[in-house]
Each structure stands twice: as C-alpha cells, then as structure tokens.
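Visitor: What follows is a structure written as structure tokens; I'll ask about it next.
The values are calculated or read from the model by the stated rules, or taken from the named source; none is laboratory data. Quick caveat: nothing in here was measured; it's all calculated off a predicted structure. So basically every Cβ, Gly included, is an ideal-geometry build from the backbone, and we count neighbours across all protein chains shown.
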Amino acid sequence: MILRTHYSGQIRPDMDGSEVVLAGHAHETRDLGGILFLVVRDREGLSQVTMVAKRTERSILETVRGLSRESVVSVRGKVKAEAKAPRGFEIIPSSVQVLARADSPLPLDPTGKVDCELDTRLDSRFMDLRRPASMAVFRIESAVLQSLRQTFYSKGFTEVCTPKVVATATEGGTALFPISYFEKEAFLNQSPQLYKQILMSTGLDRVFEIGPIFRAEEHDTRRHLNEAISVDIEMSYADHDDVMALLESAVAEAYRFVGEVCQHELSVLGLDLHVPKTPFRRVTYTEALDMAREAGRASMEWGDDIDTETEHYLGSTIGEHYFLTDWPAKVKPYYTQPYDDRPEVSKGFDLMHPTMELASGAQRVHDYGLLVERMKSQGLDPDGFEFYLKAFRYGMPPHAGWGLGLGRLVQTMLGLENIRDAVLFPRDRKRLVP
Ligand code: AMO
C-alpha cells in the first residue's frame, strides 16, 4: 500500500485535479460543522485537507473528528487550487488512514506557539524536533557535514575512524571518563589527536575524521558539553599556515553551501546568512595581549592562557572570524611545534568566532627527540605514550592539523544561544537521557 507519493513542498496549485498521497502528523483539526479542516505536517511544511460535511464520506468525517493531535496519518485525495488556502491549494480526501494514534496531553506544543524552556524541550526532544525551527537546525547541520566532507574529498583526504575507547589521555591535563573494560583500565577518548598523527607515518598523508570526543569537565556553560562532535584533520608535508588556509576555506564554504541548499530552513529560522570573508584576519598572541592591555582589558602576563574576559574583548573588537596565532609554547600541548628561531613561541593557533573558540590546531612536532623532551617538560611520562611515540621512530613526515567543534560551528553560524540547541541529544553534567 502506498502511504506517501508527495511531500507537501512538492504540491503546487497547478497540480489541480491530480491524485496525491500525503503522510505526516495531524498538526491541527478544525471542525466548523459544515466544513472540516485537517492540517497535515510533514518535514517540508503544512498541507490543508478540506472536507465539506455534506459531500464527504461519513467514515472519513468520523476518522478526522476522532483524531488526536500529532497522530500519524496518510491522506489520499485530489489537489484543488484554492486561493484562500494557506499555500494556494487544498486536498479533497478520498481516504484518511490513521497509522499511529498520539496520546494526549502532549509533552510540549509542537507548533512552537507556546514558549518552552530548553530543558523541557530536551526532555522530549522527539516532540521538540517536530517544531520547524528545531528541525531546521539539524537539516542545516547535515548540510554543514556534507559540505565539510566535500571540501575534504576534493582535496584528496581519506575519511578514517579511530577508536573511542583508549588506554591513555591525549592532552594530558583534560579530565577523562574512565570506563570498565574487562580487567583493564580504559577511558573514552578526548581527541583523535594521537591516532591522526600516527596515521601520518603510514603515508596516507591526508586524513579526516568526524566523530565524538569526550571531556569529563564540570563546566556548565552555553558552549561546553561533555560529549561533542569534532571535525579533525591531519595533513603531511604541511605547516600551520597550510592548515589554517584549509580551515578558513572549509568554514566559508560550509556557510556558502548552507546558503545555497538550506533556503527553506534559513527562512524558517528567519536568518540571512553572511558568508565570512576569507582570508580570516591573523592576530598573534602578542598583538592580542597588547590590544587588550591598551584598552585596560587584560591583567595577564605573556605566557598565560588567554582568559575568557580578554577573549570576549578581542571578539567584540575584531567583530569577525579571526585566527589567534603564535601562542607561547608552554600554553599549547606538547605535540605543538615551536618556531626554530623562537623556541618559546609555537606554531599553534585557534580559530575564533567573535563569541567563542571554534577550532584549534598546529604544525606538530615530528622529531622523536623533541617530542619526548616536550612531553617531559609538560610533566608527562613518555612511557605511557609508547604506542604513539613508536610511530615517530621509523620515518614520520612533517605534518599539521586541527580539530573543529561541529556544535560550536553550527551554534555560531545560526546565532543560537546555547550549544545544546545545536546537538540532538546533548550530554552535560546533569543530562544523560534521552
Ligand atoms: P581542542 O581541545 O581545542 O583541541 O578541541 C577542538 C575543538 O573542539 C571543540 N570542543 C568542544 N565543544 C564543545 N564542548 C566541549 N567540551 C569541547 N571541547 C572541545 C571546540 C574546540 O575548539 N587535539 C586538538 C585539536 C588539534 O590540534 O588538532 C584538540 O582537541 O570547538
């Protein structure tokens, strides 16, 4: 049996007289006595089904009158051009089939007319996603992923999948989630960093991975989660400048692609997307510190990590995407390559949106001796990293890479208040379900 022939967006008034089968949720029913309306919602929008009581089969009228809101229906009928109907047509049904009945009351209002707390929406995310504005975010996120993959494939990258259950920390400092793994100690991986670097020694040269990272940090902010999706790349025979160029073009292209393929979703969100201009501005750590100090907005010393207040000042002053480059070597992880002539400065960088950090990356240390030395200077025991270090002893090409937070990219692209709005089922300090 055919349950659907058309999405609502595929029906136009000039199809007057043709038979279609629509399927979706019963968005609304209105019974005016002599005339009855059923509004069916699918992922493309709303369609009005109109039944004149006198001319409609009694069983159809009974079915529609007995329908609870949000039940799933399939409606077969003829398209009729009707200027007064919301989209210029209505459907005159020959059958209405109830495929699944919805309980009432509903956990939240899927029309979006009634405002609702984020927590309530997340508790019943399946219903929240029936709101066009919520669904639009994830259709756009899918386009962002499609665009990023296209960029990577067009530049000769290979997509890889690295383990998420691991034996060691990647970054040292960041808290890890321990898990029980038979008789061994194991953790959820905080970054594919070590694996993507190991893969550079294989000759694969250019890899990318889009997958979860886990951070056991207790923050409760609008931009941190304990599970996030990271878009990671690693590239051989490249330095920090090469991978910054790739990053800015991948981000700008994602904006351009979304603008092209997600017009409906952007209009649902009331957004006019501006593609950020490339190249993004490069601001060195020292310049950033001077800017903030001159304005009396930084109490930090050279060598300190940039604090949130300074970061906000820089963002509001610069007002567009920018790279923060040339960080003090001691602030950046051990795998970050220092400049040959200025070993206290590193080839690490962050990609910043005016409101938050989107990505970090670097040219990496590829020399075994220097890597071991950098690990020790950051208080790490190289013995725990043998599986990683081994790959540096048998011919490791120079390489560079970055990791970009998908949730933050979508959050900043769409101007969403909270990263949780850009993640289907967010995991934070308090939330483990749904
Ligand atoms: P970093 O730790 O800066 O770098 O992470 C890279 C990017 O991932 C996103 N991100 C997060 N998003 C939401 N919640 C979190 N808790 C969270 N943590 C990180 C951010 C961040 O910029 N190994 C390096 C990358 C590299 O050098 O290739 C790394 O993991 O957008």
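Visitor: Quick check on my filter: what residues within the range 3-20 are touching a residue at least 40 places away in the same chain (Cβ under 8 Å), out of contact with any Gly (no Cβ under 8 Å at 6 or more places or on another chain) and of a type outside the set (Asp, Glu)?
Guide: As a first pass, look at the range 3-20 and keep what is touching a residue at least 40 places away in the same chain (Cβ under 8 Å): 3-4, 8-9, 11-20.
This time we only want the ones that are out of contact with any Gly (no Cβ under 8 Å at 6 or more places or on another chain), so: 3-4, 11, 14-18.
The answer is LEU3, ARG4, ILE11, MET15, GLY17, SER18.
Visitor: On to the next question. Answer with yes or no whether LEU129 is more than 30 Å from ALA252 (Cβ to Cβ) and of a type outside the set (Gly, Ala, Ser).
Guide: On the way: more than 30 Å from ALA252 (Cβ to Cβ): no; of a type outside the set (Gly, Ala, Ser): yes.
Against the criterion (more than 30 Å from ALA252 (Cβ to Cβ) and of a type outside the set (Gly, Ala, Ser)), LEU129 does not qualify.
Visitor: Return the residue satisfying two criteria in turn: it lies in the range 328-357 and is within 9 Å of the ligand (Cβ to nearest atom) and without any contact (Cβ under 8 Å) to a residue 40 or more places away in the chain, and of such residues it is nearest to ASP304 (Cα to Cα).
Guide: Ranking the candidates gives LYS332 first.
Visitor: So, GLY407, is that one within 28 Å of LEU225 (Cβ to Cβ) and assigned to a helix (DSSP H, G or I) or not? Quick ask: steps written out before the conclusion?
Guide: Working: within 28 Å of LEU225 (Cβ to Cβ): yes; assigned to a helix (DSSP H, G or I): yes.
So GLY407 fits the description; yes.
Visitor: How many residues does the range 201-214 contain that are buried (at least 20 other Cβ atoms within 10 Å of the Cβ) and touching a Leu at 6+ places or on another chain (Cβ under 9 Å)?
Guide: 4
Visitor: Regarding SER316, is this residue polar (S, T, N, Q), away from the ligand (no atom under 16 Å from the Cβ) and part of a loop (DSSP other than H, G, I, E, B)? Full working, then the answer.
Guide: Numbers: polar (S, T, N, Q): yes; away from the ligand (no atom under 16 Å from the Cβ): yes; part of a loop (DSSP other than H, G, I, E, B): no.
In short, no.
Visitor: Any idea which residue in the range 410-434 is farthest from the ligand (Cβ to nearest atom), counting only those that are among the β-branched types (Val, Ile, Thr) and part of a loop (DSSP other than H, G, I, E, B)? Please lay out each step first, then the result.
Guide: Keep residues of the range 410-434 that are among the β-branched types (Val, Ile, Thr), which gives 410, 412, 419, 423, 433.
Those still in the list that are part of a loop (DSSP other than H, G, I, E, B) too: 423, 433.
Values: VAL423: 9, VAL433: 19 Å.
Per the stated criteria, the residue is VAL433.
So that you can scan it fast, the table gives a plain yes or no per residue for (1) within 15 Å of the ligand (Cβ to nearest atom); (2) buried (at least 19 other Cβ atoms within 10 Å of the Cβ); (3) under 29 Å from the mean Cα position of the chain (by Cα); (4) not in a strand (DSSP E or B):
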site	(1), (2), (3), (4)
GLY270	no, no, yes, yes
PRO279	no, no, yes, yes
ALA292	no, yes, no, yes
ARG297	no, no, no, yes
PHE323	yes, yes, yes, no
ALA359	yes, yes, yes, no
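Visitor: What helices (runs of 4 or more DSSP H) lie completely within the range 92-184 and have 2 or more residues being in the same structural domain as LEU416 (by TED's automatic domain parsing), small (Gly, Ala, Ser) and away from the ligand (no atom under 16 Å from the Cβ)? Even if it seems obvious, please write down each step before you answer.
Guide: Values: elements: 118-123, 125-128, 132-154.
Counting at least 2 such residues, we get 132-154.
Visitor: Does the range 242-264 contain any residue that is within 14 Å of the ligand (Cβ to nearest atom), charged (D, E, K, R), within 13 Å of TRP402 (Cα to Cα) and assigned to a strand (DSSP E or B)?
Guide: No; the residues of the range 242-264 include none that is within 14 Å of the ligand (Cβ to nearest atom), charged (D, E, K, R), within 13 Å of TRP402 (Cα to Cα) and assigned to a strand (DSSP E or B).
Visitor: Within the range 188-232, how many residues are among the polar types (S, T, N, Q), more than 7 Å from the ligand (Cβ to nearest atom) and touching a Pro at 6+ places or on another chain (Cβ under 9 Å)?
Guide: 2
Visitor: Out of the residues in the range 1-34 meeting the condition of being assigned to a loop (DSSP other than H, G, I, E, B) and among the polar types (S, T, N, Q), tell me which one is nearest to the chain's Cα centre (by Cα). Don't jump to the end; show me each part of the working.
Guide: We begin by selecting, within the range 1-34, every residue assigned to a loop (DSSP other than H, G, I, E, B); these are 1-7, 11-12, 16-18, 32-34.
Now restrict to residues that are among the polar types (S, T, N, Q): 5, 18.
Numbers: THR5: 31, SER18: 40 Å.
Among those residues, the one meeting the criterion is THR5.
Visitor: Can you pull out every residue in the range 35-69 that is surrounded by fewer than 15 Cβ atoms within 10 Å (Cβ to Cβ), without any contact (Cβ under 8 Å) to a residue 40 or more places away in the chain and part of a loop (DSSP other than H, G, I, E, B)?
Guide: Selection gives GLU57, GLY66.
Visitor: Has the range 152-160 got at least one residue that is at pLDDT 95 or above, closer than 21 Å to LEU271 by Cα, surrounded by fewer than 19 Cβ atoms within 10 Å (Cβ to Cβ) and within 22 Å of the chain's Cα centre (by Cα)? Explain how you work it out, then say what you get.
Guide: Our first condition is that a residue be at pLDDT 95 or above; within the range 152-160, this holds for 152-160.
Now restrict to residues that are closer than 21 Å to LEU271 by Cα: none.
The answer is no; no qualifying residue exists.
Visitor: Here's something else I'd like to know. Run VAL372 past the list (1) within 16 Å of the ligand (Cβ to nearest atom); (2) surrounded by 15 or more Cβ atoms within 10 Å (Cβ to Cβ); (3) more than 25 Å from the chain's Cα centre (by Cα) and report the number of the one that doesn't hold.
Guide: Of everything listed in (1) within 16 Å of the ligand (Cβ to nearest atom); (2) surrounded by 15 or more Cβ atoms within 10 Å (Cβ to Cβ); (3) more than 25 Å from the chain's Cα centre (by Cα), VAL372 misses just condition (1).
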